[in-house]
1. For region 153-188, what are the residues that are under 22 Å from PHE45 (Cβ atoms) and among the basic types (Lys, Arg)?
2. Yes or no: GLN5 within 13 Å of the ligand (Cβ to nearest atom), open to solvent by 10 Å² or more (accessible area, probe 1.4 Å) and within 19 Å of the chain's Cα centre (by Cα)?
3. Do you know which residues across region 177-195 are touching a helix residue (DSSP H, G or I) at 6+ places or on another chain (Cβ under 6 Å), open to solvent by 10 Å² or more (accessible area, probe 1.4 Å), within 29 Å of VAL251 (Cβ to Cβ) and free of Cβ contacts under 8 Å to residues at least 60 places away in the same chain?
4. Restricted to region 151-176, and to residues that are in contact (Cβ under 8 Å) with a residue 24 or more places away in the chain and of a type in the set (S, T, N, Q), which residue is farthest from the ligand (Cβ to nearest atom)?
5. Condition test on ILE132, is it over 30 Å from ASN237 (Cα atoms), among the aliphatic types (A, V, I, L, M) and open to solvent by less than 20 Å² (accessible area, probe 1.4 Å)?
6. Just checking, which of ASN101, ASN96, ASN120 is of a type in the set (S, T, N, Q), open to solvent by 70 Å² or more (accessible area, probe 1.4 Å) and away from the ligand (no atom under 14 Å from the Cβ)?
7. Can you list residue pairs whose Cβ atoms sit under 9 Å apart, with the first residue in region 131-146 being basic (Lys, Arg) and the second being assigned to a loop (DSSP other than H, G, I, E, B) and open to solvent by 10 Å² or more (accessible area, probe 1.4 Å)? Count only pairs 6 or more apart in sequence or on different chains.
8. When you check VAL31 against the structure, is it within 16 Å of the ligand (Cβ to nearest atom) and either within 26 Å of LYS135 (Cβ to Cβ) or touching a residue at least 60 places away in the same chain (Cβ under 8 Å) (or both), yes or no?
Amino acid sequence: MKISQIFKNTDRTIFSVEIFPPKKYSPIESVYNKLEEICEIKPDFISVTYGAGGKGDQNQTCEIASKIKNEFKVESVAHLTCINSTKEHIDWQLENFKNNNIENILALRGDYMNGVEPKNDFLYASDLCAYIKEKGNFDVAGACYPEVHIQAKDEVEDILNLKKKVDAGAEHLISQLFFDNSVFYRFLERSKIAGINVPIEAGIMPVTNKNQIEKMVSMCGASLPAKFSKIMQKYENKPEALCDAGIAYAVEQIVDLIANGVDGVHLYAMNNPYVVQRIFNSISSLL
Ligand code: FAD
């Protein structure tokens, strides 16, 4: 089913989960057991990230998204990046998705890689959105950044660019992770003013270990509220307590988001079924 249809068919909060293919040299089967457990909670959909590691790696996105949809019977979304791809490569991927019954794509620009010349067939995610809509019968989603994309001049430029992505065909948006809900609510206001009226999901990452925090902040620049930093500092050397505190923090964020009527919550689950299940059990009656 197309994700836009799922949003249209319901007025409750959508709950989705993001997973990634296994690290290089790990067999693909290593994620299947975890995936089966995540699918038990029947999220509205599961999205599968798209690596920058070449055709073999990228093919795993399709393989895993296909398994989720065709075997575990949960709707899937395949991520697809374009900055380092030719049109021919994107055509090959779209064909691959179509042949595997995948109907939903998260269209992304992707990041520039050191030492790799961008292909320049697509400059922005909006170019890819338009191309996918022209090429096939796919539902297209896009990424958005409550704390502004790291390369954007300012929030006005970023929101106007986001509007271009929606005008190019993005039917729903998934946000970068954030730890301060008020940042997301301000972003929703800016989106409304810019005339963006597609559903927007809030990206939530339960932080369950110390390495994750440093990695996340350096990668996506999410700001850390004092309340969050205090919790993390207090339990940084107590792994079990840190995990409990990270889950509790994420649950509190999600409860507040649902109470404020957000369209959906997208959980950056780091392939961890235990964390997904604990969070889902705490909030499922609120959805
Ligand atoms: P764009 O929407 O193209 O935006 C990139 C920058 O260009 C922004 O600063 C924007 O303001 C500007 N811009 C956009 N359109 C225009 C325009 N028409 N004219 C001028 N400027 C413009 N990366 C991966 O490699 N694999 C993944 O699977 C993956 N999944 C992700 C999932 C989510 C939910 C999110 C939030 C991010 C994900 N990323 C992934 C990271 C993403 O690839 C990077 O954040 C990347 O830097 C930007 O991608 P984008 O699609 O948001 O780009």
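1. LYS165
2. Numbers: within 13 Å of the ligand (Cβ to nearest atom): no; open to solvent by 10 Å² or more (accessible area, probe 1.4 Å): yes; within 19 Å of the chain's Cα centre (by Cα): yes.
Spelling it out, it is not the case that GLN5 is within 13 Å of the ligand (Cβ to nearest atom), open to solvent by 10 Å² or more (accessible area, probe 1.4 Å) and within 19 Å of the chain's Cα centre (by Cα).
3. ARG190 - this is the single residue of region 177-195 that is touching a helix residue (DSSP H, G or I) at 6+ places or on another chain (Cβ under 6 Å), open to solvent by 10 Å² or more (accessible area, probe 1.4 Å), within 29 Å of VAL251 (Cβ to Cβ) and free of Cβ contacts under 8 Å to residues at least 60 places away in the same chain.
4. Once the filter is applied, the top-ranked residue is SER175.
5. On the way: over 30 Å from ASN237 (Cα atoms): yes; among the aliphatic types (A, V, I, L, M): yes; open to solvent by less than 20 Å² (accessible area, probe 1.4 Å): yes.
When the stated conditions are applied, ILE132 passes them.
6. Just a single option satisfies the conditions, and that option is ASN101.
7. If the second residue must be assigned to a loop (DSSP other than H, G, I, E, B) and open to solvent by 10 Å² or more (accessible area, probe 1.4 Å), the pairs left are LYS133/ALA168; LYS133/GLY169.
8. Judged against the criteria, VAL31 is a match.
The values are calculated or read from the model by the stated rules, or taken from the named source; none is laboratory data. Since the model is a prediction, treat every value here as computed from it, not as a measurement. Positions of Cβ are generated from backbone atoms using ideal geometry, with glycine treated the same way; all protein chains shown enter the neighbour counts. What goes into the accessible areas is simple: the full protein's heavy atoms, side chains included, and nothing from ligands, DNA or RNA. Shrake-Rupley method; radii C 1.70, N 1.55, O 1.52, S 1.80 Å.
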